[in-house]
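The structure that follows is given in the form of structure tokens.
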Amino acid sequence: MNIALIGYGKMGKAIEKIAVEKGHNILLKIGTDTAADLTKENLQRCDVAIEFTGPHSAVQNILQCFDVGIPVVSGSTGWLADWDKVKAACEEKNAALLYASNFSIGVNIFFEVNKKLAQLMNAQTNYQVSITETHHTEKKDAPSGTAITLAEQILAEVGRKKNWVNNSTDDMEALSIISERIDPAPGTHSIKYTSAIDDIEIIHTARNRQGFASGAVLAAEFIQNKKGIFSMKNVLGL
């Protein structure tokens, strides 16, 4: 498989290492110094694009891949206000997109555990729930895309919570997400249900970027030659 890496920072380099170990070719590496190489001609040489940039460029990068007809795997966060626009373009171009706020296999299992726990806690009104996410200081967005996914899962199941906020709050209808930026910290997410009697807490801690990178390559292998919109649930059969 010939891969275009759009975003060649620490994550892009980790993806490259795993992709090459699995026998894939990296034909295009788009970083700060090579942005001009992101052309139609170069993209058309690739079977799939893996896009890890940021909210300022992700949408344009994804749309550019749609225009040339190659599937795109995106792990950029902070751009979902444009989700409907991207979805419509994907359908119009008969393209393929696999988006995930987190490609780690462990995190995606953690998502399923989070949903189940939220279902169980919906009737337990004496418990208050909160989320804490900790990342390295170079992370550009807060809260993390993973924390937002976790929060939206809780909001869908716990009826007494109506919205999330990125701070501590006394609002009983708001779900608090606390964002911490500490080096070195690849990523830790915890969900805690607290009562006067006890606490229930689930935690996922990433030890390094390898889990994210491995999942992104797995997603690229999955989406090759497909059309439509997919997630890691499809990749992992969850």
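The values are calculated or read from the model by the stated rules, or taken from the named source; none is laboratory data. Owing to the predicted nature of the structure, the values given are computational and were not obtained by experimental measurement. Positions of Cβ are generated from backbone atoms using ideal geometry, with glycine treated the same way; all protein chains shown enter the neighbour counts. These area figures cover heavy atoms from the full protein model, side chains too; ligands, DNA and RNA do not enter into them. Shrake-Rupley method; radii C 1.70, N 1.55, O 1.52, S 1.80 Å.
Report the gain in length on full extension from D171 to A35: 0.36 nm times residue separation, minus Cα-Cα distance, nm rounded to one decimal.
Difference between extended and current length: 44.5 nm.
Along each principal axis of its Cα atoms, how long is segment 104-157 end to end? Whole angstroms, biggest number first, please.
39, 24, 14
From the convex hull of the Cα coordinates of segment 71-179, what is the mean projected area in square nanometres?
8.0 nm²
I've got another one for you. Let me spell out the model: positive unit charges on the Cβ of Lys and Arg, negative unit charges on the Cβ of Asp and Glu, origin at the Cα centre of segment 109-227. What dipole size does that give, in debye rounded to 20?
For segment 109-227, the charge dipole is close to 460 debye.
On a full-extension model of 0.36 nm per residue, what is the gain between N126 and D199, subtracting their alpha-carbon distance, rounded to one decimal in nm?
25.2 nm
Additional query: Compute from the Cα atoms of the chain the Rg and the Dmax, the latter being the longest Cα-Cα distance, and quote both in angstrom.
Answer for the chain, Rg first and Dmax second: 18.6, 63 Å.
Then there is this: What fraction of the DSSP beta bridges in the chain is antiparallel, stated in percent and rounded to the nearest 5?
Around 35 percent antiparallel, to the nearest 5.
With a 1.4 Å probe and all protein chains left in place, how much accessible area per residue does segment 47-174 have, in Å²?
Result: 44 Å² per residue.
Continuing with the same structure: Which longest run of the chain has no exposed loop site in it, a site being GluC sites (Glu not before Pro) in a DSSP loop with at most 13 other beta carbons within 10 Å, and the site itself not part of the run?
Value returned for the longest uninterrupted segment is 1-137.
Quick check: the distance between the Cα centres of segment 3-30 and segment 90-169, to the nearest angstrom?
Value for the Cα centre distance between the two parts: 27 Å.
Only helices at least 18 Å long along their own axis, judged from Cα atoms, and with Kyte-Doolittle mean hydropathy of -1.0 or greater: name those in the chain from DSSP H.
105-121, 145-157, 210-223
Just want the answer: with Cβ charges of +1 for Lys and Arg and -1 for Asp and Glu, which residue in L117, G31, I154 is farthest toward the dipole's positive end in the chain?
Checking the options against the dipole of the chain, the answer is G31.
With springs only between Cα atoms under 10 Å, which of A100, A118, A81 fluctuates most in a Gaussian network model of the chain?
Among A100, A118, A81, the largest GNM mean-square fluctuation belongs to A81.
Among the listed pairs K140/K227; K13/K93; K10/K192; K115/K233; K139/K227, which are separated by more than 24 Å between their Cα atoms?
K140/K227; K13/K93; K10/K192; K139/K227
Here's another thing I want to ask about it. Out of the total accessible area of segment 161-208 (probe 1.4 Å, heavy atoms of protein only), what percent is carbon and sulfur?
Within segment 161-208, the accessible surface is 50 percent carbon and sulfur.
Could you order H136, H189, H56 by accessible surface area, starting with the largest, using a probe radius of 1.4 Å?
H56, H136, H189
Give, rounded to the nearest 20 debye, the magnitude of the charge dipole that segment 135-205 has about its Cα centre when Lys and Arg contribute +1 at Cβ and Asp and Glu contribute -1 at Cβ.
160 debye
In debye to the nearest 20, how big a dipole does segment 93-165 give about its Cα centre with +1 on each Lys and Arg Cβ and -1 on each Asp and Glu Cβ?
Rounded to the nearest 20 debye, it is 200 debye.
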